[in-house]
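These notes are about the structure you will find just below.
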Amino acid sequence: MRTAHIKALLLGAAFACLHANGCAASDAQPQADTAATIPSVEVSANRDNRDKKSYRRMPAGMDPFESEHQLAPRASLRFKVVPRRAGVTLDGLALHIYSKHGNIAVPLASDASFAVPRDAAAAHDDAALAFNRADNSLAWHADMRSPGLPPNARRLGELLLECKVDMVADLVAYIHTPINIMVGKLPDPCRTLPINMFYFADRPLFSVTLVYGARRGVLPADLLHGPALTSLAALQDWTFQRDRVYQIQFKSLYEKGWPDDTLLEFDYIDDDVAAAKPARQGTI
């Protein structure tokens, strides 16, 4: 948890997704983390504070996961955060649901992923989810993984469902212009609009290959590591982690016949075999 941008037919407005997610390392101004203590948190979540999310929106994001679970029939829904600027550590990370009547600790896995419990009282109180970090330290995104996949692969249907959850849960960290807010409220923008959604691989990327049976296609190089948006870097969630970033335009892929079970296989820069692999022919 992931950025996105809308192409020319939507007046060139830019989305920034996170997961999936910070300013470039050269531009970042580290702030002190507050891992040792849990700060006081205003209950009303601020749309522009990426480290504080409306509790009402997060369970709402679970609804498309349940209604369209056929896109990821074997996956479970979790959420995840990654650093969005320099100087941010995940050591000692803690997450709470804050409301007028107290707070609920949310358990975190070792990879900083978590499940959001449904709590009617917290939703009624207009509660907020917040980490013990300074503002704008973390990028949030949905995270779904099917058991049995290779460790260097993601499934296309799960990535599409992550996009749908992120849209509803307001985890797509884009610039809040009226047109972008409007697009986020349209029915199924992930699948029906030419939006490039940003995702994070586990490690720095060398290339991404789509695989379905005998069919193969290489993700174009201009969909890796993000576009040049230096003037907007501080407003994007992906630029600090851009060596791990890849973009997907679901509308185009599905129109070209790539099904939900398509795998995205990642070649990582630090893989010893990457340099020895022959150049692949063709792109998607």
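Every number in this text was worked out from the coordinates using simple rules, so none of it is lab data. Every value quoted in this text rests on a predicted model; they were computed, and no experiment measured them. All Cβ positions, even for glycine, are placed from backbone atoms using ideal geometry, and neighbour counts span all protein chains on display.
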Exercise. Could you give the nm distance between label points at Asp111 and Arg74, where each point is 7 Å from its Cα heading toward the beta carbon?
Worked result: 1.5
For this session: Kindly rank 199-208, 79-88 from highest to lowest mean number of other beta carbons found within 10 Å of each residue.
Result: 79-88, 199-208
Seminar exercise, completed: Taking 101-112, 242-253 and ranking on average Cβ neighbours within 10 Å, highest first, one gets 242-253, 101-112
